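Bear in mind these aren't lab numbers, they're just calculated from the coordinates by the rules spelled out. Keep in mind it's a predicted model, so treat the numbers as computed, not measured. All Cβ positions, glycine included, derive from the backbone under ideal geometry; neighbour counts span all protein chains shown.
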Amino acid sequence: MRLNRKGAIALLTASMVTLAACSGGATDEPTTDEQTTAGAATGESDTITLWLAGADTPQELRDYLKTTFEAENEGATLVIEEQAWGDLITKLTTSLPDAANTPDVIEVGNTQAPTFTTVGAFRDLTPLYDELGGDKLLPSFVEVGTVDDAVYALPYYFGSRYMFYRPDVWSAAGVEVPTTLAEFTTATKALRSESMSGLAMGGQDWRNGISWVFANGGELATVDGTTWTSTLADPKTITGLKMWQDVVQGASNLPTTERDVAYWDFLNDGTDGAAPAAATIMAPGWARWSLGDLTTNDAGDEVRDGMADATKFDIFALPGVDGGVAPVFAGGSNIAISAQSQNPELAENLLRIVFSGEYQTLLGENGLGPANSDYYSALGDDKFATTMIETAAASKLTPAAPGWAAVEGAFVYEELFQKIADGGDVASLAAEYDAELTPMLNGD
């Protein structure tokens, strides 16, 4: 694992050096062959490319972007390409420095943005900031896209995690919805059986697990000037990690090796109406559309009904230590323009569409938190919308450290959380991983 980790860091570091060099602007003129090879990237065809990460942006929104952009920019073409989340960092580090192959506009995970903003891989969007929403844009997402008061990446959409549960199962067991984090542990432990998790959570699932750290006032890292320090050994962080260890060991039947699990499959009824494999899951709000009873849509496809039966499917916010709402890790993305884009004006025009009232409304209507707070109402006023906004308001992000993408790419937290889920001594593991993570956070 450590050899692979160093290899991943070396690859990313080398690519970042290349990005930094390219961002300064090369003066060498391309040869005729290079100009021919560059093709559309030279601006001759007025074609720009948008990279979307994963499948979270629905087809309806992709069609809107393409149709609107091409209508508003006569003769120009928008090409939308979907990139798998797992491949995104590698593809960006190789494509962003290359003017002939760089995407013009990029969706990037909010935790990944600092790695690219700190080396000049993205175009400075500060002149557009107020026009695109300014102070109404989600502050924490703006912060991770900002370096020295210059804005390089803006929020695209946000999501927030909360608890989806089976009220029929909870009621039958005589268990009530908890009001504190300790009560949550007690309840989900009581619901566990040989065939059903009280809370289904994989041992490597640090993105959900860090909510217990945040709830106890802990942090993953702190910064002094420009120097980052991993703070897993802080007493508050250790308390949170121990609470998470307790609930995972006591309430979940999932292997400690699991991560990125489709938890909704555990909450839905099994084959032929068999009981669910979990009474509770933690997932982003958009998981709703993978939950519920099976039905047939207008196209004749079998789909879930979005939790239409409230006696079987419901939600609540993860409670805090002393009640209220626990700070959870905010999901979502940022959006940026490549510093090497050969059509920056067209790329900026695309951002104007993304941050328009029409598109922000479409995001909300599709269950994705709009970047601009003026359009939160597009999410609706039902329990899903109000819980999403409530939990997002209390949410936190991972450290905006320059080496964070390398940390994620090396699966350091997956390894740590699995060891904790396996029953490892939290204090000893915290000290061990602080020593490893601190230099990584700083890009060393």
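Between residue 308 and residue 149, the contour length at 0.36 nm per residue exceeds the alpha carbon distance by 52.7 nm. Does the stretch 37-128 come out rounded, prolate or oblate, given a ≥ b ≥ c as the square roots of the eigenvalues of its C-alpha gyration tensor, rounded meaning a/c under 1.5 and, failing that, prolate meaning a/b above b/c? Oblate, because a/c is 1.5 or more while a/b does not exceed b/c. The alpha carbon gyration tensor of the stretch 174-283 gives principal lengths a ≥ b ≥ c with a/c of 1.5 or higher and a/b greater than b/c, which makes the shape prolate.
In the stretch 30-189, a dipole from Cβ-located charges (positive for Lys and Arg, negative for Asp and Glu) runs towards its positive end, and of 78, 145, 54 it is 54 whose Cα lies farthest in that direction. Sequence-ordered 3J(HN,Hα) estimates for the stretch 373-386 from the Karplus curve with 6.51, -1.76 and 1.60 and θ = phi - 60° stand at 5, 4, 10, 4, 4, 5, 6, x, 10, 7, 5, 5, 5, 5 Hz, glycine and proline given as x. Pairing the Cα long axis of helix 85-95 with the longest principal axis of the chain, what angle in degrees results, from 0 to 90 and rounded to the nearest 10? Tilt of helix 85-95: around 20 degrees. Grouping the Cα pair distances of the stretch 274-410 into 10 Å bins from zero gives a pair-distance distribution of 9, 29, 32, 22, 7, 1 percent in increasing distance order.
With the helix formula -39500 (n - 2.57) applied to DSSP H stretches of n ≥ 4, the chain reaches a computed 222 nm mean residue ellipticity of -12000 deg cm²/dmol. Other residues with beta-carbon under 14 Å from the beta-carbon of residue 68 carry, at +1 per Lys or Arg and -1 per Asp or Glu, a net charge of -3.
For residue 83, the residues whose amide H sits under 5 Å from its own are 52, 53, 54, ignoring neighbours fewer than 5 places away on the same chain, with H placed 1.01 Å from N.
Residue ranges 334-343, 304-313 sort as 334-343, 304-313 when ordered by packing (mean number of other C-beta atoms within 10 Å per residue, highest first).
Spatial offset of the stretch 141-201 relative to the stretch 208-262 amounts to 14 Å, using the alpha carbon center of each.
Assuming charge only on the beta carbon of Lys and Arg (+1) and of Asp and Glu (-1), the dipole of the stretch 175-280 about its Cα centre is about 260 debye to the nearest 20. By its C-alpha gyration tensor, with a ≥ b ≥ c as the square roots of the eigenvalues, how is the stretch 90-185 shaped: rounded for a/c under 1.5, else prolate for a/b larger than b/c, else oblate? Judged from the Cα gyration tensor, the stretch 90-185 comes out prolate (a/c at least 1.5, a/b above b/c).
Remark: for residue pairs 242/396; 236/312; 66/91; 136/419; 236/419, the C-alpha separation exceeds 31 Å in 236/312; 136/419. Less than 5 angstrom separates the built amide H of residue 221 from those of 231, all sequence-distant by 5 or more or on a different chain. Could you state the angle between the C-alpha long axis of helix 181-191 and the longest principal axis of the C-alpha atoms of the chain, as a value from 0 to 90 degrees rounded to the nearest 10? Between the helix axis and the principal axis of the chain, the angle is about 60 degrees. With R₀ fixed at 60 Å, the C-beta to C-beta distance from residue 183 to residue 74 puts the FRET efficiency at about 0.50. Extents of the stretch 350-390, largest first, come to 32, 15, 11 Å (Cα atoms, principal axes, whole angstrom).
On full extension, the segment bounded by residue 222 and residue 298 gains 22.3 nm, given 0.36 nm per residue less the C-alpha separation.
Summarising the strand pairing of the chain, around 75 percent of its internal DSSP beta bridges are antiparallel.
What you get for the chain, charging only the Cβ of Lys and Arg (+1) and of Asp and Glu (-1), is a dipole of about 1480 debye around the Cα centre. Here the label points at residue 55 and residue 94, each 7 Å from Cα along the C-beta direction, are separated by 2.4 nm in the simple model. Across the stretch 302-335, the residues whose backbone nitrogen lies under 19 Å from the label position 7 Å along the beta-carbon direction of residue 275 are 311-314. Within the stretch 253-286, what residues put their amide N at less than 18 Å from the label point 7 Å along the Cα-to-Cβ vector of residue 195? Zone members listed by number: 253-254, 265-280. Counted without the sites themselves, the longest stretch of the chain free of GluC sites (Glu not before Pro) in a DSSP loop having at most 10 other beta carbon atoms within 10 Å is 195-444. If the segment from residue 171 to residue 85 were pulled out straight at 0.36 nm per residue, it would be longer than the present Cα-Cα gap by 27.2 nm.
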